């Protein structure tokens, strides 16, 4: 008879988190493929993977063996790395989870069940208008099953089994709960991502974590490189660097002439932890890779050789590197930046050199490069606000999938900040017309929000799959026109799609049409569109701007 597992220690918890991060990374493309709209966004899987990767890094770097502290580090990392709505909701699930277990050194079955329940409650509270048939449904149903299982037994494995099973059953139901999912015949992408997290937890607790969920050599290189890039930056005095040598080695476990010990992760790690900081040890069955900042690189090499031969060795003198950085910075003249907004930083999220110039000409002081296909994280937005050195800040997300990350960001910034909920580039530019540097933060945000409804926004992009959305059959490769978030037209020709889209946007009150053409679109094509629009109404004022934006050949606004 199998003995019940009644406790999750720091070791199991760490493995659960790291395995789930790897599983999300492995399946990111599949999750992306479930996105309902056939536009090239590919956000959900990528966003959940990057968010969990950030959480896993924070958890991995937390030195405590107290599970509550590890969960707190996970929640912090998820919050700072959260991208898109799916990433933010995932961060809220584990925010509630961590609050529930913050005083627990280890977890019982009841602790685990309670944590999922509080995770579900926190996630629901974070969303202004919770929608069933999404990741929220999956966490709620899974948490309910875990609570029921914990009331009957103290076996953690059976509780996690119940959570995972219920999560998968809830995921299947999402297709019927949301009409848009049923029309396309897919499950909710965010819910699918969460079930992969459940599966990873379940595999670890059942002792069946798959080897392909462990980091491969390329992934280990990425993790080590990421750790290395956290080294000293900016104006740090080289003399203040406590551990001056960035040391990286790869050991072939059990190979070579100097092997004295059989590899044990904890033994190997604990010795290196005494030699410096920024330690990362990643291994599979054949190799172990090490990154550490130390004063004694020779000791690191000698320790590695006790477990196998050294396949690679890299040692960088970080003090020397920092001296070179400072010399370079001092030799480069940096023009003094002045805010012409009376101390208010206006931060816009956008991509494309031309769009950047347009925003700056309208008063934007800082640009975060991002948007469709590359949603900015909470940490990106926090950094932009704090680094602005302004008295207050206004954020223009210009993408509804960045709203939640922005809302999380303004809660933890050093200065007062608010969001103007612009859903696209056109709305962002129109909102700026409402800004007055003489007004206070609340007045400006209210005026800018009011301006959002004064513009109709259209975007032309390319369908990335065959599908039927909102009753319209769409073929892969067609150009689709999206008006205020709704697909209105699909054509095989770019000009046809764009002109028909604009026709649907026009009404008797329309006066100004602005065309912004993308990085793969020629000005001559924008001029042809201008001619087609003039045929519809020769009294319209039409402006053409080079935007250089990716994804969208044309962004069009009608005012």
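Quick note: the coordinates plus some simple rules give every number you see, no bench work behind them. If you're wondering where the values come from, they're calculated on a predicted model, not measured in any experiment. Backbone-built Cβ (ideal geometry, glycine too); neighbour counts: all protein chains shown.
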Ordering of 426-436, 82-92 by burial proxy (mean other Cβ atoms within 10 Å per residue, highest first): 82-92, 426-436
20 °C / 1.002 mPa s Stokes-Einstein diffusion coefficient of the chain, Kirkwood radius on C-alpha pairs, µm²/s: 82 µm²/s
Length-normalised contact order for the range 389-442 - Cα pairs under 8 Å, 6+ apart - percent: 42 percent
Length-normalised contact order of the chain in % [C-alpha pairs under 8 Å, at least 6 apart]: 11 percent
Extended-chain gain in nm, criterion 0.36 nm per residue less alpha-carbon gap, residue 438 and residue 273: 54.0 nm
Sites residue 470 and residue 153, calculated FRET efficiency, Cβ-Cβ separation with R0 45 Å, nearest 0.05: 0.45
Prolate/oblate/rounded call for the range 344-454, Cα gyration tensor, a/c under 1.5 rounded: rounded
Kirkwood hydrodynamic radius of the range 49-96, from inverse mean 1/r over distinct Cα pairs, in Å: 10.1 Å
FRET efficiency estimate (nearest 0.05) - Cβ-Cβ, residue 169 to residue 447, R0 51 angstrom: 0.60
Extension gain, residue 105 back to residue 369 (0.36 nm per residue minus Cα-Cα distance, nm): 91.0 nm
Extent along principal axes [Cα atoms of the range 456-558; Å; largest to smallest]: 38, 29, 19
Alpha-carbon Debye profile of the range 127-180, log10 I(q)/I(0) at 0.12, 0.13, 0.14, 0.20 Å⁻¹: -0.30, -0.34, -0.39, -0.67
Cα shape, the range 401-462, gyration tensor, a/c 1.5 rule: oblate
Rounded to 5, percent antiparallel among DSSP beta bridges of the chain: 75 percent
Relative counts (whole %) of C-alpha pair distances in the range 10-213, using bins that are 5 Å wide: 1, 9, 16, 22, 23, 16, 8, 3, 1, 0
